[in-house]
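Asks: Handing you a structure now.
The values are calculated or read from the model by the stated rules, or taken from the named source; none is laboratory data. No experiment lies behind these values; they were computed from the predicted model shown. Note that we place each Cβ from the backbone using ideal geometry, even for glycine, and neighbour counts take in every protein chain shown.
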Amino acid sequence: MNDNKTTIKELKDLVHEFNMERDWDQFHNAKDLAIAISVEAAEILEHFIYKTNTEVDELFRSKKREEIEDEVADVLWGTLMLAEKYDIDLAKALGKKMEKTAQKYPVDKAKGSNKKYTELK
């Protein structure tokens, strides 16, 4: 599998089948999946705490990269499970979110700026 050849649907089906084979769906409700996603995201952050940008870049060139990739995959896994279980079309949801964000951050005001939309002039 790779990003260029694998669809979101295929990924959703993959995690669904994996969980069904183990009878884990019974433990996967919205609350617990959201908590799991948050915990896994925090585990990504553990790799970067108190590191400079240069040190962070070095992590991606070291043996730590695989650990970071595992944590990123865990976040994706949880997201896919939540989306599959509650029938969230991720591509559609992302498209809608990008439209909303584009309204908050028009290019002519936001380009090159790290300000929150409420601070843009």
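Per-residue answers, yes or no, for (1) exposed (fewer than 14 other Cβ atoms within 10 Å of the Cβ); (2) in contact with a Lys or Arg (Cβ under 6 Å, 6 or more places away or on another chain); (3) aromatic (Phe, Trp, Tyr):
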{"site": "Asp74", "(1), (2), (3)": "no, no, no"}
{"site": "Trp77", "(1), (2), (3)": "no, no, yes"}
{"site": "Lys85", "(1), (2), (3)": "no, no, no"}
{"site": "Glu99", "(1), (2), (3)": "yes, no, no"}
{"site": "Gln103", "(1), (2), (3)": "yes, no, no"}
{"site": "Gly112", "(1), (2), (3)": "yes, no, no"}
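Asks: Any residue in segment 9-38 that is not assigned by TED's automatic domain parsing to the domain that holds Val75 sitting within a Cβ distance under 6 Å of a residue that is among the aliphatic types (A, V, I, L, M) and buried (at least 16 other Cβ atoms within 10 Å of the Cβ)? List the pairs, counting only those 6 or more apart or interchain.
Replies: none
Asks: Continuing with the same structure: Taking Asp57 as the residue in question, decide whether it is among the acidic types (Asp, Glu), part of a loop (DSSP other than H, G, I, E, B) and under 18 Å from Val72 (Cα atoms).
Replies: For Asp57, the condition - among the acidic types (Asp, Glu), part of a loop (DSSP other than H, G, I, E, B) and under 18 Å from Val72 (Cα atoms) - is not met.
Asks: For segment 1-28, give me each residue that is surrounded by 12 or more Cβ atoms within 10 Å (Cβ to Cβ) and of a type in the set (A, V, I, L, M).
Replies: Ile8, Leu11, Leu14, Val15
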